[in-house]
Every structure is written in C-alpha cells, then in structure tokens.
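One structure is given below, encoded as structure tokens.
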Amino acid sequence: MEVKAFNVSRQQIAFAREQARARGLQDWVEFIEADYRSINGKFDAFVSVGMLEHVGRENYAELGSVIARVLKQDGLGIIHSVGRNEPTPPNAWLERRVFTESYPPSMSKMMNIFEPYNFSITDVENLRLHYAQTLMAWLERFEKQIDTVRSIYDEHYIRAWRLYLGGCAAAFLSNSIQLFQVVFGFSNHNAVPLTRQHIYRPGDTAVWRF
C-alpha cells in the first residue's frame, strides 16, 4: 500500500513525517506540501479529513472535479467534515478567533461535490457524539498542562481556548453541530459492504456517559 498525503501546513507535514518514522511507516506514506488541486495520478481511495470546512463553498464543484479525475472507477472516497443540519452562517466568534473563513456545510451543500460528477453516496455516518468526547478529552488534557500553557500564553488566550473546547463539546452534544462522514463512489460501483458488521468485534457495545 502506498499513500500520498497532501497538506498546505508545513508544520503539520513535519509532525506527520516524524510520527510516520516513529511507527516505521516512512516508506508507505509520501507527505506533499500542496493542496488538493495538485493531486495527479489514479488512486483506489480519496480521503478528506477536516479539510472541507476550509475549501470554501464556491470551490465544492472544483473539489468534485479533482476527485473524479484521480479516483479509479472502482475506488471509494470519504469526506469527513464538521457540518450543520441546515445551511447556517459561520459562528462569528469562531470565525474571528479560531477558524477564519471556515464553513461547516449542511448535507445539501455537500451534494454540490457529488452530483455534478455522478457520484453515488454509499454510506453516511454522523459522528458528533464521538467528537464531543474528543473535545472533552482535549479540554481535560489542556487543563492538566495549564501551567505549561500559562508560561507561553496570556490569560486572554487561555480563556478563549477553554471557551472554544468546552463550547464546541456542548454544541456537538446539543446537536447544533454535526460531524458527517460520507462514503461515495462512481455510480457503477457495487463493491461495498452490505452492513457495517466488519467494523465491529464480537461483543462490542456502545456506552454513552454524558
């Protein structure tokens, strides 16, 4: 298996390469400092995690065209994105303080990626409760390292980050923000599982504690 990972953040690429080396995966993954429009070749899978929020609504069709160009006819794509139940303007505070020019799309807006290129949606999951747990874990780790954080940043930054992590956890729990994971492929692709049973081990159960 060979993976090409595209990213516009030099710092994230450096960190990812370090982690790949630590796990002995450096020969499997090629990290490329470029955005999705630079992708060339043909691939079995196209995976987008946490990118769509920053692509811009006006570029959804272009993203779809790139996927249609590089995905093999029997390949599958996954787009994993924070989203909304309906088209909603971005939160003004998050827009100013954390995620400049971001836009969490509704499912109807995401369809502008798929419909022009005859992609079929094969599966959709909403992982918002998972992400609520993730945010609460991040906040707990943030508080455990608060002395280190305070040695680098001021109290204004600390209050803002607490509001961001705690507020986003509450937003996912209250169902005002979603986390969509959409699996898709070309319309003639039938090689998809009939159930999600292959994901789980015998005896696995889901327990929510909120």
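Would you look at the GNM of the chain, springs on alpha carbons closer than 10 Å, and say which of R97, R196, R159 moves the most?
Highest fluctuation among the options: R196.
Comparing P193, P87, P116, which has the greatest mean-square fluctuation in the GNM of the chain with Cα pairs linked when under 10 Å apart?
Per the Cα network of the chain with a 10 Å cutoff, P193 tops the list.
Of all beta bridges DSSP finds with both residues in the chain, what is the antiparallel percent, to the nearest 5?
Restricted to the chain, the bridges split so that about 55 percent are antiparallel.
With +1 on the Cβ of every Lys and Arg and -1 on the Cβ of every Asp and Glu, and nothing else charged, how large is the dipole of the chain about its Cα centre, in debye rounded to the nearest 20?
Rounded to the nearest 20 debye, it is 300 debye.
Please identify, among G75, G41, G50, the residue showing maximal mean-square fluctuation in a Gaussian network model of the chain using a 10 angstrom Cα cutoff.
Between G75, G41, G50, it is G41 that shows the largest mean-square fluctuation.
If I compute Rg/Rh (Cα atoms, Kirkwood Rh) from the structure I just sent, which labelled value in (i) 1.08; (ii) 1.05; (iii) 0.98 lines up?
(iii)
Considering the dipole of the chain built from charges on the beta carbon (Lys and Arg +1, Asp and Glu -1) around the Cα centre, which of S102, V66, W138 is farthest to its positive end?
Going by the charge dipole, the pick is W138.
By a straight-distance test (C-alpha under 26 Å), which lysines pair with K4 as possible cross-link partners, with residues fewer than eight away in the same chain excluded?
Output for K4: K42, K72.
Stretched out fully, how many nm does the piece from S108 to R17 gain, at 0.36 nm a residue minus the Cα gap?
29.2 nm
All of the numbers you see were taken from the coordinates with simple rules; none came from a lab. Being a predicted model, the structure only gives us computed values, none of them experimental. Please note: Cβ atoms are built from the backbone with ideal geometry, for glycine as well, and neighbour counts cover all protein chains shown.
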